[in-house]
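Colleague: The structure follows.
The values are calculated or read from the model by the stated rules, or taken from the named source; none is laboratory data. Remember, predicted model here, so these are calculated numbers, not experimental data. Reconstructed Cβ throughout: ideal geometry from the backbone, glycine too, with neighbour counts over all protein chains shown. Each accessible area value is taken on the protein alone, full model and side chains, heavy atoms only, with ligands, DNA and RNA left out. Shrake-Rupley method; radii C 1.70, N 1.55, O 1.52, S 1.80 Å.
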Amino acid sequence: MGKKGFTTSIVHGDRIAGSEHGGVHQPIHTSVQYGFERVEDLIGVFQGTKKGGFNYARQGTPTTAALERKITSLEEGIGTICFSTGMGAVTATFLTLLRAGDHLVSSRYVFGNTNSLFGTLRSFGVEVTTVDAGDAENVRQALRPNTRMVFVETIANPGTQIPDLQGIGEVCRERGIAYVVDNTITSAALFKPKAVGASLVINSLTKTISGHGTALGGSVTDTGLFDWSAYPNIADEYRRTPAKEQGLLQIRKKGLRDMGASLSSEQAHTIAIGMETLALRVKQSSANALALAQFLEGHKAVGKVWYPGLESHPQYGIAQALFKGASWLLSFELLNVERMVDVVNALELPIKATGLADTRTLIIPVAPTIFFEAGPETRKAMGISDGMLRLSAGIEDIDDLIEDFSQALKLAA
Ligand SMILES: *Cc1c(COP(=O)(O)O)cnc(C)c1O
């Protein structure tokens with residue numbers, strides 16, 4: 001099949017790659033062991049000379065491999081490794097590509113658990129500097145001779161800050177530094193980090209890609225742009241493969257195999273089904289988020305609204321230039337913080353829950369929940385006010401959502 005569109009490739013991918021009995025989905029392979037007629041083939045799988053073989057499910061199954069192929073195609077990469085969670089993917093990437101004495105530069109605005117993981121990295125002797133990545137110059141100034149990696153997220157949660165994705169890509173290319181972009185909030189439906197020079201793309205499959213809040217998963221995709229032959233931390237045993245494959249090979253062996261956050265075939269299947277409607281869902285949830293953001297911005301009980309699809313957003317220009325939509329994530333605050341609990345309780349449709357990118361709208365007060373452990377100082381530094389509410393827009397009919405918010409917000413007047 002020649003190059004096809006985004007959704008066409010997803011829904012026909014399994015069939016065209018070939019599956020048993022002409023099944024249009026990859027079967028759910030539950031075997032842990034994979035046996036061979038000839039022991040030479042078993043040896044070949046172990047040594048990597050027999051391509052595409054399986055030996056033990058912790059390193060992958062035909063079902064997880066099918067999902068990996070689909071994500072590779074979405075991100076226009078050269079290969080992907082799936083993990084049991086997004087954090088599994090993030091952790092394996094850092095721990096396999098960084099060593100004690102290395103330096104990592106990250107955006108200050110990252111997922112709370114990733115930020116918490118930086119503490120663990122520091123305790124292992126990796127230096128971590130966080131900067132306001134809205135200006136690539138801040139990243140450039142933070143670089144040191146031992147900087148190996150720059151990490152950013154496309155749209156930060158909950159503050160919706162967007163880094164200077166293009167500018168940082170140029171800095172990393174000039175300096176030969178690995179550029180890791182977490183594409184979870186946008187997903188390939190809205191943005192392909194390869195376009196700004198990303199070396200590796202991380203996705204929490206739990207969120208936008210799977211989309212229904214029924215599976216946990218994560219992935220790392222190599223875009224093929226980075227020259228791993230010049231990267232000092234690749235172990236000798238992985239230098240024998242072509243330079244392009246060395247990064248992912250090390251993550252699969254030292255990360256997936258040794259650390260063990262492996263995705264199960266059952267979950268891979270659920271994620272693959274969810275992914276078929278990725279573009280359709282994101283179109284609807286992003287349109288809903290934009291309509292809600294506009295409604296909230298015009299409401300007299302509402303203070304600030306954080307949404308990159310609004311002209312008032314500091315990175316509106318970047319969002320317009322790089323993204324196909326501003327995503328389903330928005331935050332807002334009530335002017336009267338004392339009324340927050342009553343307003344949220346009065347909402348009938350949005351589910352009071354953490355989590356992101358469900359088909360159902362979710363709402364959560366940020367300071368007392370997901371950023372409670374961070375404490376008041378970190379919250380202030382991250383621009384999180386006491387009255388901030390985070391909204392993950394679902395795919396409901398927009399009139400129902402607006403009507404619901406209208407009635408609930410009356411309590412804040
Ligand atoms: C949720 C999330 C993760 C972690 O994903 P899990 O699948 O929940 O482990 C990583 N990065 C971002 C941006 C996220 O939103």
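Colleague: For region 149-279, what class follows from the C-alpha gyration tensor (a ≥ b ≥ c being the square roots of its eigenvalues): rounded when a/c is under 1.5, otherwise prolate if a/b is larger than b/c, else oblate? Numbers along the way, then the final one.
Modeller: Working: a/c = 2.29, a/b = 1.19, b/c = 1.92.
Oblate, because a/c is 1.5 or more while a/b does not exceed b/c.
Colleague: OK, next. Please determine, in degrees from 0 to 90 and to the nearest 10, the orientation of helix 86-97 with respect to the longest principal axis defined by the Cα atoms of the chain, where the helix direction is its Cα long axis.
Modeller: The two axes meet at around 50 degrees.
Colleague: Sum up the charges of everything whose Cβ sits under 14 Å from the Cβ of Gly44, counting Lys and Arg as +1 and Asp and Glu as -1, but leave Gly44 out. Intermediate values should be presented prior to the final figure.
Modeller: Numbers: positive: Arg38, Lys50, Lys51; negative: Glu37, Glu40, Asp41.
Local charge sum for Gly44: 0.
Colleague: Something else: In whole angstrom, how long is each semi-axis of the equivalent ellipsoid of region 63-149, when you take the square root of 5 times every eigenvalue of its Cα gyration tensor and sort them from largest down?
Modeller: On the way: eigenvalues 138, 50, 32 Å².
Ellipsoid semi-axes (Å, largest first): 26, 16, 13.
Colleague: Hey, another quick one. Would you mind pulling out the separation of the Cα centroids of region 380-408 and region 298-339, in Å?
Modeller: Comparing the Cα centres of region 380-408 and region 298-339, I get a distance of 10 Å.
Colleague: I'd like the Kirkwood hydrodynamic radius of region 278-412, using the inverse of the mean 1/r over distinct C-alpha pairs, in Å. Kindly include the intermediate steps, with their values, before the conclusion.
Modeller: Working: mean 1/r = 0.0663 Å⁻¹.
The answer is 15.1 Å.
Colleague: Given Thr359, Ala412, Ala279, which one lies farthest toward the positive end of the charge dipole of region 278-412, if we put +1 on the Cβ of every Lys and Arg and -1 on the Cβ of every Asp and Glu?
Modeller: Ala279
Colleague: Dividing the Cα radius of gyration by the Kirkwood radius, what Rg/Rh value follows for the chain?
Modeller: Numbers: Rg = 21.8 Å, Rh = 22.1 Å.
Radius of gyration relative to Kirkwood radius: 0.98.
Colleague: Could you give the accessible area per residue of the chain, probe 1.4 Å, as a whole number in Å²?
Modeller: Details: 17670 Å² over 413 residues.
Counting only protein heavy atoms, the per-residue value for the chain is 43 Å².
Colleague: Next question, about the same structure. At a 1.4 Å probe, what is the % contribution of carbon and sulfur to the accessible area of the chain?
Modeller: Answer for the chain: carbon and sulfur cover 52 percent of the accessible area.
Colleague: Round to the nearest 10 and give me the degree value, 0 to 90, for the angle of helix 398-409's Cα axis relative to the longest principal axis of the chain.
Modeller: Long axis of 398-409 versus the principal axis of the chain: about 50 degrees.
Colleague: If you build the convex hull over the alpha carbons only and average its shadow over all orientations, what do you get for region 63-104? Give it in nm² to one decimal.
Modeller: Working: hull surface 14.7 nm².
The directionally averaged projection comes out at 3.7 nm².
Colleague: Now, a different point. Within the set of other residues whose C-beta is less than 11 Å from the C-beta of Gly274, count the net charge using Lys and Arg as +1 and Asp and Glu as -1.
Modeller: Working: positive: Lys207, Arg281; negative: Glu276, Asp358.
In short, 0.
Colleague: Let me ask another. Suppose accessible area is computed on protein heavy atoms with a 1.4 Å probe; arrange Arg15, Arg339 from highest to lowest. Display every interim value, and only then the final one.
Modeller: Details: Arg15 115, Arg339 75 Å².
Sorted by accessible area, descending: Arg15, Arg339.
Colleague: Which Cα, out of His299, Ala289, Asn336, lies furthest along the positive dipole direction of region 278-345 (beta carbon charges, K/R +1, D/E -1)?
Modeller: Selected residue: Ala289.
Colleague: For the chain, with only Lys/Arg (+1) and Asp/Glu (-1) charged at the beta-carbon, what is the dipole magnitude about the Cα centre, in debye rounded to 20?
Modeller: Numbers: 39 positive and 42 negative charges, 207 e Å.
Once rounded to the nearest 20, the dipole reads 1000 debye.
Colleague: Where does the charge balance sit around Gln284 when Lys and Arg score +1, Asp and Glu -1, over other residues with C-beta under 14 Å from its C-beta? Kindly include the intermediate steps, with their values, before the conclusion.
Modeller: Details: positive: Arg281, Lys283, Lys324, Arg360; negative: Asp358, Glu396, Asp397, Asp399, Asp400.
Once positives and negatives cancel, what remains is -1.
Colleague: Compute the angle between helix 165-175 and the longest alpha-carbon principal axis of the chain, please, reported from 0 to 90 degrees and rounded to the nearest 10.
Modeller: Taking the Cα atoms of the chain, the angle to 165-175 is about 40 degrees.
Colleague: Dipole size in debye (nearest 20) for region 278-412 around its Cα centre, Lys and Arg Cβ +1, Asp and Glu Cβ -1? Intermediate values should be presented prior to the final figure.
Modeller: Numbers: 12 positive and 16 negative charges, 73 e Å.
The calculated dipole for region 278-412 is roughly 340 debye.
Colleague: Only Cα pairs within less than 10 Å get springs; with that Gaussian network setup on the chain, which residue of Val282, Val39, Val181 has the largest fluctuation?
Modeller: Highest fluctuation of the listed residues: Val39.
Colleague: Counting only Cα, what are the radius of gyration and maximum Cα-Cα distance Dmax of region 5-56, in Å?
Modeller: 14.4, 41
Colleague: Please work out the Cα center distance from region 151-203 to region 103-119, rounded to the nearest Å.
Modeller: Each part reduced to its Cα centre gives a spacing of 14 Å.
Colleague: Set the Förster radius R0 to 60 Å, insert the Cβ-Cβ distance between Glu237 and Phe372 as r into 1/(1 + (r/R0)^6), and round the FRET efficiency to 0.05. List each step's numbers first, then the result.
Modeller: Details: r = 44 Å, r/R0 = 0.73.
Given R0 = 60 Å and the Cβ-Cβ separation, E is 0.85.
Colleague: Would you calculate a helix-derived [θ] at 222 nm for the chain, using -39,500 (n - 2.57) for each DSSP H run of n ≥ 4 and dividing by the full residue count, to the nearest 500? Numbers along the way, then the final one.
Modeller: Numbers: 14 runs with 148 residues, N = 413.
Mean residue ellipticity at 222 nm (helix-derived): -10500 deg cm²/dmol.
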